[in-house]
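What follows is a single structure, written as structure tokens, with notes after it.
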């Protein structure tokens, strides 16, 4: 039996895909690189924006054509899109056999055994599920919680992932230890809002703790004691990024000083319309505290451009916030209306031309500031986790503890290395294993400097 798995979307989906593959391997499946070789094709979907939904629809069309040649081909649709009426209609239209929401991935084996199956429940056993560690991986994901209690007006995640559910700390630490024993040197703790790990139902900054659960800050310290050299976490909601968490990062050496803190807009009017629960001033206070306790921290963010009702003045406030915070990197998107969200129900969309023009301006600001931030790294010795060969001949590629894309001259093995930064672009840094040859690397004739633009989307 052969399976082909296609994954769209976030790190949480990648983690879920690994769990699903582990279950399939347990019942005898091997994995192939293309759907043309597979008996079973599983598509793990994303529904946050329109573009990944379009990609899923295109793929399902190709799979439907393939099934005209092979009637026994089984197709499964999983993940956030499968949880929504939009995805369920799509599944019916393209003849999908198995439909599983993200809360029902533990049902994959009985679903395959039945042949035709669907489940959109949020299974309680998922809270206690730990997949085996990946084989041969240096970096791995580790889900610490699922779901989201916030109700941002543009976001479909509460409908697809359900309310917040925190995994027991003992299970998380045991999984982290298994990853360490398997050779993992970098683990990313995942959740829709990791800062609210272990908190009671609700939202806001004053929630009490669940009985028997540590705070997220305490969990970071616990993870830091496992012995994995690098510990990351994503994603944070600004309203729950308290001083205790920042202090835990500061005094736990293995926790990378990289904070992804989505802001979405620099305008208080837009933040209120988005139901983000904080103001520009509150957000800037959190950034100020990060800079005080973690002066060398890398800060990244998310922006939505062209949210319904955004005026030129609102957008200018976004530009000014970017310049004030001086983000190292950002993920920038034009607003994409999602069926069933409050914004889609109550607000009219903006003209696409305006959204694209504003996104282009924000990208230019981001390139300018990212270049300035990256140039500040030149001459420093940094740690890079090398993943493998780069597309550019003579280089290997990896990422720093601050999550900078790093290209290192030479043929280094996969793993953690100390290198020196000698050149920078807005999107990456170039490094040597020693300072010798720095002049040669600066000669543009000897290296290519491609534009690396994965951080924005229209």
Practice task
State the number of residues belonging to region 282-294 that are in contact with a strand residue (DSSP E or B) (Cβ under 8 Å, 6 or more places away or on another chain) and outside any loop (DSSP other than H, G, I, E, B).
Solution key: 2
Fill in the blank from the handout: The residue that is farthest from residue 361 (Cα to Cα), considering only those in region 401-456 that are under 26 Å from the mean Cα position of the chain (by Cα) and at pLDDT below 50, is 449
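Conditions (1) in a loop (DSSP other than H, G, I, E, B); (2) in contact with a strand residue (DSSP E or B) (Cβ under 7 Å, 6 or more places away or on another chain); (3) under 29 Å from residue 385 (Cα atoms), marked per residue:
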position: 203; (1), (2), (3): yes, no, no
position: 212; (1), (2), (3): yes, no, no
position: 221; (1), (2), (3): no, no, yes
position: 226; (1), (2), (3): yes, no, yes
position: 231; (1), (2), (3): no, yes, yes
position: 245; (1), (2), (3): no, no, yes
Practice task
Of the conditions (1) in a helix (DSSP H, G or I); (2) in contact with a helix residue (DSSP H, G or I) (Cβ under 9 Å, 6 or more places away or on another chain); (3) more than 25 Å from residue 342 (Cα to Cα), residue 252 clears all except one; give me its number.
Solution key: (1)
Problem - Verdict on residue 396 being surrounded by 15 or more Cβ atoms within 10 Å (Cβ to Cβ), in a strand (DSSP E or B) and either assigned by TED's automatic domain parsing to the domain that holds residue 154 or in contact (Cβ under 8 Å) with a residue 12 or more places away in the chain (or both) - result: yes
Exercise for the section: Using the structure shown, decide if residue 168 is surrounded by fewer than 22 Cβ atoms within 10 Å (Cβ to Cβ), more than 30 Å from residue 307 (Cβ to Cβ) and over 19 Å from the mean Cα position of the chain (by Cα). Expected result: yes
Practice task
Scan (1) part of a helix (DSSP H, G or I); (2) farther than 30 Å from residue 82 by Cβ for the single condition residue 385 breaks and write down its number.
Solution key: (1)
Practice task
Could you please give the count of residues in region 53-75 that are within 19 Å of residue 10 (Cβ to Cβ) and buried (at least 20 other Cβ atoms within 10 Å of the Cβ)?
Solution key: 2
Handout entry: Subset of region 192-201 [modelled with pLDDT under 95 and either surrounded by fewer than 17 Cβ atoms within 10 Å (Cβ to Cβ) or part of a loop (DSSP other than H, G, I, E, B) (or both)]
Key = 192, 193, 198, 200, 201
Exercise for the section: Identify, from the list 154, 213, the residue that is touching a residue at least 60 places away in the same chain (Cβ under 8 Å) and not assigned by TED's automatic domain parsing to the domain that holds residue 77. Expected result: 154
Completion exercise
Among helices (runs of 4 or more DSSP H) completely within region 295-379, the ones holding 1 or more residues that are crowded, with 19+ Cβ neighbours inside 10 Å, at pLDDT 95 or above and touching a strand residue (DSSP E or B) at 6+ places or on another chain (Cβ under 9 Å) are 312-325, 352-375
Exercise for the section: Please find, within region 262-273, the residue that is farthest from residue 363 (Cα to Cα) out of those that are in contact (Cβ under 8 Å) with a residue 40 or more places away in the chain, buried (at least 19 other Cβ atoms within 10 Å of the Cβ) and out of contact with any strand residue (DSSP E or B) (no Cβ under 6 Å at 6 or more places or on another chain). Expected result: 273
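Restricting to region 13-41, count the residues that are in contact (Cβ under 8 Å) with a residue 40 or more places away in the chain, within 30 Å of residue 331 (Cα to Cα) and in contact with a strand residue (DSSP E or B) (Cβ under 8 Å, 6 or more places away or on another chain).
Here the count works out to 6.
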Problem - Options 79, 87, 95: the member that is in contact (Cβ under 8 Å) with a residue 60 or more places away in the chain and either crowded, with 22+ Cβ neighbours inside 10 Å or touching a strand residue (DSSP E or B) at 6+ places or on another chain (Cβ under 9 Å) (or both) - result: 79
Practice task
Please tell me if residue 128 is closer than 19 Å to residue 79 by Cα, surrounded by fewer than 20 Cβ atoms within 10 Å (Cβ to Cβ) and in contact with a strand residue (DSSP E or B) (Cβ under 9 Å, 6 or more places away or on another chain).
Solution key: no
Practice task
Please find, among 299, 304, the residue that is under 19 Å from the mean Cα position of the chain (by Cα) and over 25 Å from residue 400 (Cβ atoms).
Solution key: 304
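The values are calculated or read from the model by the stated rules, or taken from the named source; none is laboratory data. Note that the structure is predicted; figures quoted are calculated from it, not measured. Cβ: placed from backbone, ideal geometry, glycine included. Neighbour counts: every protein chain shown.
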